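Okay, structure first, notes after.
Just so it is clear, none of the values below were taken in a lab; they were calculated from the coordinates. Note that the structure is predicted; figures quoted are calculated from it, not measured.
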Amino acid sequence: MSAIREMAFTGREFNAEEALRIGFISRIVPGGREGVVATALETAKVIAAKSPIAVIGTKHLLLHAQDHSVQESLEYTATWNQVMLQSDDTAQAFKGALAKQIPKFKPLPKL
């Protein structure tokens, strides 16, 4: 958080190696813009193949954990897990694993 504050308050420029070191980015991708776009699309395909409920649940759990104690986060995770286990995604994931096939998940309903 200290590095983020420093960058926000000073507007200091930084390179890719520093961004990687301080956690602004998860990796450095070679190939310029084309390499970054290709890598982003591949990553998006991997995420899109996962259970939508698991992906959104993981996002919520990670965001929750930033501002809560370990105990609170464990309780929140237990609640999310109960909901996720009631979805069809869990069964589809097990069926896919047993059949050694990529499972097909239903999209989340529109709000």
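Some points to look at:
- Given [x] 37; [y] 48; [z] 59, the label whose value is percent of Cα pairs over 21 Å apart derived from this model: [z]
- Helices in the chain that qualify as membrane-span-like (whole DSSP H runs, Cα extent of at least 20 Å along the helix axis, mean Kyte-Doolittle hydropathy of -1.0 or higher) are 32-48, 52-66, 70-85.
- Remark on residue 108: its backbone amide H falls under 5 Å from none of the residues 5 or more positions apart or on other chains, H modelled at 1.01 Å from N.
- Estimated 222 nm signal from helices in the chain, with DSSP H stretches of n ≥ 4 weighted -39500 (n - 2.57), rounded to 500: -21000 deg cm²/dmol
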